[in-house]
1. How many percent of the alpha carbon pairs in the chain exceed a separation of 35 Å?
2. Given the chain, what percent of its DSSP beta bridges are antiparallel, to the nearest 5?
3. Report the gain in length on full extension from E296 to A164: 0.36 nm times residue separation, minus Cα-Cα distance, nm rounded to one decimal.
4. Show me 43-49, 106-112, 325-331 ranked by packing, highest mean number of other Cβ atoms within 10 Å first.
5. Hydropathy first: keep DSSP H helices in the chain averaging at least -1.0 on Kyte-Doolittle, then drop any whose Cα extent along the axis falls short of 15 Å, and list what survives.
6. What list do you get for S216, S16 if you sort them by fewest beta carbons within 10 Å?
7. Do the sum for the chain: with -39,500 (n - 2.57) for every DSSP H run of n ≥ 4, divided by all residues, what is the mean residue ellipticity at 222 nm, to the nearest 500 deg cm²/dmol?
8. In what sequence do F97, F288 fall when counting other Cβ within 10 Å, fewest first?
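Computed from the coordinates by the stated procedures, all read-outs in this text should not be read as laboratory data. Computed from a prediction, not measured in an experiment: that's the story for all the values here. Please note: Cβ atoms are built from the backbone with ideal geometry, for glycine as well, and neighbour counts cover all protein chains shown.
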Amino acid sequence: MAPFETPGDVLDCLWSYSSAAALGAALELGVPWFVAEPTRDAPGIAAALGIPARRCHWWLAVLERIGLLEHSPEGYCPTPGARRAILGTYRAESWAFLAQEERERFPSVHDLANRMTLRPGAAGQPGPAPDYVQLMAADPERARVFTRMLYDLHGPLARCLAGALDLGGAERLLDLGGGSGVVSLALLRQNPGLEIVVMDIPTVCAEGRRIAREESLEDRIAFLEGDLLAGELPRGFDAVLECDVGVYQPDLFTAVRESLQVEGRFFVADLLPEAEDDFPERVLHWGFTASIAAPERRPMTWPRLAEMLEAAGLRTGPAVPLIEGFRLLEARR
């Protein structure tokens, strides 16, 4: 976001609440795809989506203002930028799920001035945001959409990792929390002699298996249903990978060490800051909303992660850049 220069800049930031909500609703309701071909007028959009006409008029005006839609005498259609950044990237279902997740996080910042300070009359601290793993474990359809969304979202990162990881000589790799299989499948294409076990919760593994069949790689990848923090991991691996999972606990790292062959390697790819006051944007916003329910929450950093891995008996190297702010840390048994 650009720095504040005028009162209008400040007001634009304050109004971003409603702009973000309007965008999220458009993605959940599929508006960019609905108006992509053919162009639709406002009454047609309102009637098709069951929205009161005047409310729809205001909503479309906001979507035009923020750059999602453009308006002509024929009606509304996506802007060229929206076609590139939205229609030309992930599937509609994935965008809808990303918008839904942000909507579900919104209650944590409702009435924020009172909740931050517990002023007299405030409703009190909010409870923690819904645990996404528990939600997926209880709802197979949610798990399916989430898993497909990550397959879309992490495609570029997977291809980058496949080129960055030197797995020469490795025969077996354990992918922790990699349920969509997006990274594992990219690694299999890059390394013909490699076989992979993906460990995740049952509902996510079910969708991962379907994706592997679609990619005709099901013979080289297995999906192991389990809890990363439940105890021992399967053993005998040349490499273990944890990519954008964020589960960093001493017991897990001890289990990772035991799962590796001698001189086996543990790879961690994530968006972590170098210091606690240096946040990548996604880490900043997620961490801030989480801190409303957990005020003493500390961000994981690359140096602290390296210390935890060393304490578990793993030798670490420097974290090297990947793409999109991600970095890769390698530790060796």
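1. Above the 35 Å cut-off, the chain has 32 percent of its Cα pairs.
2. Percentage antiparallel, nearest 5: 45.
3. Between E296 and A164, full extension yields 44.0 nm more.
4. Ranked from most to least packed, the peptides come out as 325-331, 43-49, 106-112.
5. 16-28, 53-65, 140-153, 202-214, 281-293
6. Ranking S216, S16 by Cβ neighbours within 10 Å, fewest first, gives S216, S16.
7. Per the formula, -13500 deg cm²/dmol.
8. Fewest-to-most ranking of F97, F288: F288, F97.
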